[in-house]
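Some notes on the structure that comes next.
A short reminder: the numbers here are calculations on the coordinates, not readings from a lab. Note that the coordinates shown come from a computational prediction; the quantities given were computed from them, not determined experimentally. Using ideal geometry, Cβ is built from the backbone for each residue, glycine included, and neighbour counts are taken over all protein chains shown.
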Amino acid sequence: MTDTKKLALIMRARIQIEKVKSSLPMDAGDGVMLTDAKFFENQLIIQYTATLPEGFEIEIDYKEEFIEIQRIGLCVVLCQDSSVIECLENGFTIRYIYFDANGHKFSEIDITKEVFSAALEKYNEAMKEEEEEEEEENETPVYDETLPGEVEELQTLLNLPIMVDAMTRLDSVVGLPRKKVLFTYTLLNVEVGQTFPFDIECINNNLIQSLKNDTLFARYRANDVTFIYKYMDKEQLGQVGLFVIKPSDYK
């Protein structure tokens, strides 16, 4: 970046910050109030401070996930401003600091050129997946018409319910829309309220290998069926385990 270019961007940032300051506090939407704006010229940091809405709470386990959603959301908004993009491309950092209603710092999000690009890539991927899912929902797979009959044949062949091992009973197999088949099991040694007693990764891998190799599922594999395995407690009052095996897992 040339000195002339840098000076021009600095002047633009100064003007923008003064403009924002004159309107503070400012409603940023969803109950968030923008309370301060600063420009640190030496570090090329444009900083905004905001307060989250009264009553805002989030479980600690989901805080990082929420902050990532915040980061992506901010980048989606910033991408609509060509002047901001120009600043980021020339080494500026846009910083957002959020405080809760009690004045405790909740998050600090630095958006650089690299962070901006990565966040938009994630957003575009998510939008693409959402569009593909919508397209799938609007289509009626031909195989869905024959799936119930094949599942009924499978039920007869397996002679359900059937004991898979000393403690596991396969109770039902049901064909679902969108090329899905649901297997429901009962774990006879698991009391109500207990958690899944087996190694989840091991069970998942075993299910995948079975679907890959068992000729019983050949037509299902050929038609890209998704298999769902649901495990219930001994009284069948609660679900203790759920495995979803997609075509990409067994092909």
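The table below lists the values:
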read-out: Nitroxide proxy distance, nm - points 7 Å out along Cα→Cβ at GLU65 and ASP214; value: 3.1
read-out: Global form of the range 102-251, assessed from the alpha-carbon gyration tensor, a/c cut-off 1.5; value: oblate
read-out: Dipole magnitude of the range 196-237 about its Cα centre (Cβ charges: Lys, Arg +1; Asp, Glu -1), debye to nearest 20; value: 220
read-out: Shape category assigned to the range 3-137 from the gyration tensor of Cα positions, a/c cut at 1.5; value: oblate
read-out: Karplus-derived HN-Hα couplings along the range 68-74 (A = 6.51, B = -1.76, C = 1.60, θ = phi - 60°), whole Hz, x at Gly and Pro; value: 5, 5, 4, 4, 5, x, 5
read-out: Estimated inter-spin distance, ILE15 and GLU86, nm [label 7 Å along Cα→Cβ]; value: 1.0
read-out: Dipole-positive endmost among GLY175, ILE85, ALA28 within the chain (Cβ charges, Cα centre); value: ILE85
read-out: Set of lysines near LYS6 by C-alpha distance (under 17 Å), chain-local residues within fewer than 8 positions excluded; value: LYS113
read-out: Size of electric dipole in the chain: Cβ of Lys, Arg +1 and of Asp, Glu -1, about Cα centre, debye, nearest 20; value: 800
read-out: Sequence ranges 46-57, 89-100, 193-204, ranked by mean other-Cβ count within 10 angstrom, highest first; value: 89-100, 46-57, 193-204
read-out: Charge dipole (debye, nearest 20) of the range 3-137; +1 at Cβ of Lys and Arg, -1 at Cβ of Asp and Glu; value: 1600
read-out: Length released on extending from SER117 to SER22, taking residue separation times 0.36 nm less the Cα-Cα span; value: 31.1 nm
read-out: For the chain, share of DSSP beta bridges that run antiparallel, in % to the nearest 5; value: 70
read-out: Modelled FRET efficiency - R0 35 Å, GLU150 with PHE196, Cβ distances, 0.05 increments; value: 0.75
read-out: Dipole-positive endmost among ALA50, GLY149, LEU9 within the chain (Cβ charges, Cα centre); value: LEU9
